[in-house]
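Worksheet: the structure to be examined is printed underneath.
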Amino acid sequence: MAELPENYEARLRTLYREKIVPVLREKTGRQNIMSLPKLEKIVINMGVGSAVTDKKHIEDAQAAMTLIAGQKAMITNARKSIANFRLREGMPIGVKVTLRGNRMYEFLDRLITFVLPRVRDFRGVSDKAFDGRGNYSLSLTEYLVFPELNPDKFTRKQGMNICFVTTAQSDAEGRVLLDMFGVPFRKRKSETGQPVGAGAE
């Protein structure tokens, strides 16, 4: 994993500072930059249930996540035993990575620019997956949409969940923030049948 140069600033980080902040000040009426909504971190999770019977699946998932995120993924373990699923407490059951700073912005840029357009029949992401506190989650059913992964090496189908943690004070603020970064929210239709909001069809 290549280290980013010390003075490097990701494109979306520059976009936030130069273009998004002035608009957020106008929309929120808050001039203090510290009070404006920002993207705090991106958390990526893969649940690997098949690791119960084949631990190599965890190793493959960790390797894939590390390539996707640009930093080493951590293995997550089961918190309790579930006999019906042959799951024991402490057993490796998934992988996780938390991105901040330039790596976070780089991942978001790649996700928007290269990855989501590769999803089959993509028409935008839902804007209904906010948690009430301005954080947003989306799921991908197939990690091979990431061009970093060689399909000859990663042959097993594996999904993931991506959570965008923001400092927004509401879902509406979080929606505006992510929309300005370029997250392609699906267009909705009003009662008149006209499109409402930004997004990609």
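Evaluating Pro92 against the criteria (1) modelled with pLDDT of 70 or more; (2) under 28 Å from Glu148 (Cα atoms) leaves one unmet condition, (1). What's the total number of residues in the stretch 19-29 that are farther than 17 Å from Arg175 by Cβ and over 23 Å from the mean Cα position of the chain (by Cα)? Number of matching residues: 3. The residue of the stretch 132-188 that is farthest from Leu111 (Cα to Cα), among those that are part of a helix (DSSP H, G or I) and among the aliphatic types (A, V, I, L, M), is Ala172.
The number of residues in the stretch 47-78 that are touching an Asp or Glu at 6+ places or on another chain (Cβ under 7 Å) and either at pLDDT below 60 or in a helix (DSSP H, G or I) (or both) comes to 2. Looking across the stretch 108-148, just one residue is charged (D, E, K, R), under 14 Å from Val183 (Cα atoms), touching a residue at least 24 places away in the same chain (Cβ under 8 Å) and loosely packed, with under 15 Cβ neighbours inside 10 Å, and that is Arg123. Return a yes/no flag: does the stretch 114-131 have any residue that is farther than 18 Å from Gly47 by Cα, touching a helix residue (DSSP H, G or I) at 6+ places or on another chain (Cβ under 6 Å), in a helix (DSSP H, G or I) and at pLDDT 90 or above. Taking every residue of the stretch 114-131 in turn, at least one turns out to be farther than 18 Å from Gly47 by Cα, touching a helix residue (DSSP H, G or I) at 6+ places or on another chain (Cβ under 6 Å), in a helix (DSSP H, G or I) and at pLDDT 90 or above.
The values are calculated or read from the model by the stated rules, or taken from the named source; none is laboratory data. Bear in mind that the values here come from a model prediction, so they are computed numbers and not experimental data. Methodologically, a virtual Cβ is constructed for each residue, glycine included, from the backbone with ideal geometry; neighbour enumeration extends over all protein chains shown.
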